[in-house]
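The values are calculated or read from the model by the stated rules, or taken from the named source; none is laboratory data. If you're wondering where the values come from, they're calculated on a predicted model, not measured in any experiment. As a convention, Cβ positions derive from the backbone with ideal geometry for all residues, glycine included, and neighbour counts pool all protein chains shown. Quick note on the areas: whole protein, heavy atoms, side chains included, nothing else; ligands and nucleic acids left out. Shrake-Rupley method; radii C 1.70, N 1.55, O 1.52, S 1.80 Å.
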Amino acid sequence: MTDATLLAERAPRLQADARGTGPTRADGLTVRGLRKTLGGRDVVAGIDLEVARGELVSLLGPSGCGKTTTLRMVAGFLDADAGVVTMGGRDVTDLGPERRPSAMVFQNYALWPHMTVTQNVAFPLRTRRVPKQQTAERVAAALELVGLTHHAASKPTAISGGEQQRVALARAIVQEPDVLLLDEPLSNLDAKLRVSVRDEIRRIQQRLGITTVIVTHDQDEALSISDRIAVMHDGRIEQIAEPAELYARPATEFVASFIGSTSRVHGRFAVGVDARPGDSVLVRPEQVVLCDDSPLRATVARVLVRGHFAEVVLRADDDELRAYVGGPPPAVGSEVGVRLGDVLVHRDGVLVGSTR
């Protein structure tokens, strides 16, 4: 049995209980009425959030929406003006970060440059006076889990950015927390490395069964690794749902515009849509189909090559539509037929329909 397997087995509170019952919201993280006012503005405006034991939830939104402030209050690094935070059914609202059963991975990694990888990972256990033998075992298990055993004696400056991020992750999980909190953990990595490290984070999270909240502004990152996503806007949660549901049925116009790509349609392209004057009618690019036999015509304005497919920008009257095309795209300036599939109809910013 490997050290990493022992680490996973040493955290039975992160798994389903012995009776075989599944995880519940109360077993994980619960936030009620969390609020923070800064500079006279509600940066976090009384949000509610429940994360089940073993679940990974992303806080997703644009800069300034309150997601990092929320995470810092959950971690205890920032006092809340109002609200309650519970972990594993225990109220931790008034506890400092060192007394909460959580661990945080910071955006800048926060590694000690003069310490080795082993010493960095061991640091939180040393401050808690964990016995040396137990510390050594837990550090070895954490390094094996993140694939850094071969860098145990290296300094942070001698390893790559992705490896530094994995050191920070190992330092968090070695504490065996009930709740793992990650603040934009991939923002300092290049695009290709981000994909690799995000998949590694998800693998480790699922293996340990640890309740996790990750803050990100990258929708691809959130869609690919989350059990559920909470989309934040102006200090509030606009919608929380599984990735597929969030994409297919965005509850508000903001969510529809923030998650994925949409085009707004009017006039003859909206014929047959059950919508009222003033409603917002949106269509996803994969629902815009190019076909010769459609009476609806549009002109190809631009072709953006995305690798294995092309994004084709179409113009018709006052509408600009985007379509995803596999294979050779039509030429710029050519006229093509267009057929629309499912559309999203929002009234006063709220979803009222999603079919033609």
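Listing for the model above:
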{"quantity": "Residue match in region 245-259 (condition: over 24 Å from Asp318 (Cα atoms), part of a strand (DSSP E or B) and open to solvent by 30 Å² or more (accessible area, probe 1.4 Å))", "calculated": "no"}
{"quantity": "Per-region count, region 64-115, residues in contact with a Lys or Arg (Cβ under 6 Å, 6 or more places away or on another chain), open to solvent by 50 Å² or more (accessible area, probe 1.4 Å) and not in a loop (DSSP other than H, G, I, E, B)", "calculated": "1"}
{"quantity": "Among the residues listed as Ile159, Ile210, the single one being of a type in the set (Val, Ile, Thr), over 25 Å from Pro97 (Cα atoms) and open to solvent by less than 40 Å² (accessible area, probe 1.4 Å)", "calculated": "Ile159"}
{"quantity": "Region 281-320: number of residues that are among the polar types (S, T, N, Q) and either over 26 Å from the mean Cα position of the chain (by Cα) or open to solvent by less than 20 Å² (accessible area, probe 1.4 Å) (or both)", "calculated": "2"}
{"quantity": "Residue selected from region 321-356 under the condition farther than 15 Å from Thr299 by Cβ and among the acidic types (Asp, Glu), by the criterion most open to solvent (accessible area, probe 1.4 Å)", "calculated": "Asp348"}
{"quantity": "Hits in region 116-126 - residues which are in contact (Cβ under 8 Å) with a residue 24 or more places away in the chain and open to solvent by 20 Å² or more (accessible area, probe 1.4 Å)", "calculated": "Thr116, Thr118, Phe123"}
{"quantity": "Which numbered condition Thr135 fails, given (1) outside any loop (DSSP other than H, G, I, E, B); (2) in contact (Cβ under 8 Å) with a residue 24 or more places away in the chain; (3) over 20 Å from Ile214 (Cβ atoms); (4) in contact with a helix residue (DSSP H, G or I) (Cβ under 6 Å, 6 or more places away or on another chain)", "calculated": "(2)"}
{"quantity": "Residue identified as modelled with pLDDT of 95 or more and not polar (S, T, N, Q) among Pro285, Pro329, Pro295", "calculated": "Pro285"}
